[in-house]
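To keep things clear, I will list the structure first and then write my remarks on it.
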Amino acid sequence: MSKIDLKDKIIAGYRNVESDKLLGIFGNPIKHTLSPVIHDTISDYYSFNERYIPFEIEDNLGDYVKAAYDLGIIGLNITVPYKEKVIPYLSDIDEDAKKIGAVNTLVRSQNGYKGYNTDMEGLYRSIIEANEDIKDKEIIMLGAGGAARAVAYMCFKYKASKAYIINRSVDKAQRLAEDMNAMDDKSSRFISISSDKYETVPEGRYIFIQCTSVGLKEDDGLPLVTDKEFYKQACFAVDLIYNPAKTAFIKLMEDNNIPAINGLKMLLYQGIIANELWNNTKINNELTAQIYDKLYKKIYG
Ligand code: NDP
């Protein structure tokens, strides 16, 4: 597809949109994205006159990024499967995003887009809001995929004392642990463990962070470790999944009276932080609560 066609496709996406500034998201699939709820609500509240449009991108990602820039789009989100692939097409990258190796937010600058990762800060904000912290805590991460990279980096940046990364494919957990330890002065902070060797995790009190996609389907069971006793070591738990609201992991934590949050606040805050970057503003608490309400109703009815 030529660049002109790409521009036409993007223009078609914005047809009938009367606005001063254009925002959007590139991904595939993109039909069910909730991000327009976040960004259109912010625009309406502050009368920014911005509109946020999802684009399902099949290939030619670099050409799309260039076409978006040529058309004056001020900000983009990037989602699955392009968070890593977009990096070569950026003019600049934020230091944290570079270390994570994934970008979910593009901010227009003089020569192109600068890439950020607001998933990581979004998750951190949701944990702090739940009156928890990462500093000096021991963490058990379940999963070592794309989202887990941002979670591991959060553990690094906010100074967890230890992080066990458990994954079905241990090579991925190993790579992630090595990448994190390589940036670290405490070079053994991250430890990879194959899910069938979960018993090698020392007994302790841990923050559990569930970063696998197990739980997305209603009939999914517990992720990676089926031994319920294992989860009793949690003092706090996060599941990145927000739909369904209560995965088997969250239900088990609640049954054990362990405070647990799902990924909805992470979704909320990654969007809020992205919008703050695009508009160089600070979203107030009243608006944040309004957006959360809208997301909640849209997902859970
Ligand atoms: P990836 O596909 O990159 O990684 C998937 C992870 O789940 C891997 O660790 C994979 O293990 C594991 N996994 C998948 N299926 C199974 C299975 N049947 N048994 C055991 N392990 C399995 O996905 P992401 O990292 O991008 O996303 C992970 C989750 O995080 C998703 O549910 C997503 O919805 C959620 N998420 C939530 C966000 C939010 O804002 N709340 C933001 C981003 C993600 P293996 O390596 O062995 O394949």
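The values are calculated or read from the model by the stated rules, or taken from the named source; none is laboratory data. Being a predicted model, the structure only gives us computed values, none of them experimental. Here the Cβ is made from the backbone with ideal geometry for all residues, glycine too, and neighbour counts use every protein chain on show.
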For this session: State all residues of region 133-159 that are in contact (Cβ under 8 Å) with a residue 40 or more places away in the chain, more than 16 Å from the ligand (Cβ to nearest atom) and more than 20 Å from Gly101 (Cα to Cα); if no residue qualifies, say none.
Result: Ile134, Lys137, Glu138
For this session: Assess whether Arg175 counts as being basic (Lys, Arg), within 12 Å of the ligand (Cβ to nearest atom) and in contact with a helix residue (DSSP H, G or I) (Cβ under 7 Å, 6 or more places away or on another chain).
Result: no
Seminar exercise, completed: Of (1) farther than 30 Å from Arg175 by Cα; (2) buried (at least 17 other Cβ atoms within 10 Å of the Cβ); (3) within 16 Å of the ligand (Cβ to nearest atom); (4) of a type in the set (D, E, K, R), Lys31 satisfies every one except (2)
Problem set entry | When residues of region 139-162 are limited to those that are of a type in the set (Lys, Arg) and under 15 Å from Ser192 (Cβ atoms), the one surrounded by the most Cβ atoms within 10 Å (Cβ to Cβ) | Arg149
Exercise. What are the pairs, 6+ residues apart or on separate chains, where a residue within region 164-184 that is more than 19 Å from Lys98 (Cα to Cα) and touching a residue at least 12 places away in the same chain (Cβ under 8 Å) has its Cβ under 6 Å from a residue that is near the ligand (Cβ under 9 Å from one of its atoms) and assigned to a helix (DSSP H, G or I)?
Worked result: Ile165/Ala173; Ile166/Ser195; Asn167/Ala173; Arg168/Ser195
Problem set entry | Residues located in region 257-269, provided they are part of a loop (DSSP other than H, G, I, E, B) and more than 8 Å from the ligand (Cβ to nearest atom) | Asn257, Ile258, Pro259
For this session: Under 6 Å between Cβ atoms, at least 6 apart or on separate chains: pull out the pairs that start in region 116-128 with a residue that is within 8 Å of Met154 (Cα to Cα) and end on any residue that is of a type in the set (A, V, I, L, M) and within 11 Å of the ligand (Cβ to nearest atom).
Result: Met120/Ala150
Exercise. Tell me, which strands (runs of 3 or more DSSP E) wholly within region 34-136 include 3 or more residues that are crowded, with 17+ Cβ neighbours inside 10 Å and touching an Asp or Glu at 6+ places or on another chain (Cβ under 8 Å)?
Worked result: 50-56, 112-116
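Kindly indicate which of Tyr242, Tyr231 is of a type outside the set (A, V, I, L, M, F, W, C), farther than 20 Å from Tyr296 by Cβ, surrounded by 19 or more Cβ atoms within 10 Å (Cβ to Cβ) and out of contact with any strand residue (DSSP E or B) (no Cβ under 6 Å at 6 or more places or on another chain).
Tyr231
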Problem set entry | Residues that are in contact with a Phe, Trp or Tyr (Cβ under 6 Å, 6 or more places away or on another chain) and either among the aromatic types (Phe, Trp, Tyr) or away from the ligand (no atom under 16 Å from the Cβ) (or both), drawn from region 83-98 | Leu90, Asp94
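If you scan region 199-223, which residues turn out to be within 15 Å of the ligand (Cβ to nearest atom) and either closer than 22 Å to Arg189 by Cα or of a type in the set (Lys, Arg) (or both)?
Filtering region 199-223 down to residues within 15 Å of the ligand (Cβ to nearest atom) leaves 208-223.
If the condition is that a residue be within 15 Å of the ligand (Cβ to nearest atom) and either closer than 22 Å to Arg189 by Cα or of a type in the set (Lys, Arg) (or both), then Phe208, Ile209, Gln210, Cys211, Thr212, Lys217 are the ones that fit.
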For this session: Sort out which residues of region 282-301 are part of a loop (DSSP other than H, G, I, E, B) and modelled with pLDDT of 95 or more, and write them in order of number.
Result: Lys282, Ile283, Asn284
Exercise. Just to be sure, is Thr226 surrounded by fewer than 19 Cβ atoms within 10 Å (Cβ to Cβ) and within 14 Å of the ligand (Cβ to nearest atom)?
Worked result: yes
Problem set entry | Filtered residue count, region 82-128, keeping only those that are closer than 20 Å to Phe55 by Cα and of a type outside the set (Lys, Arg) | 20
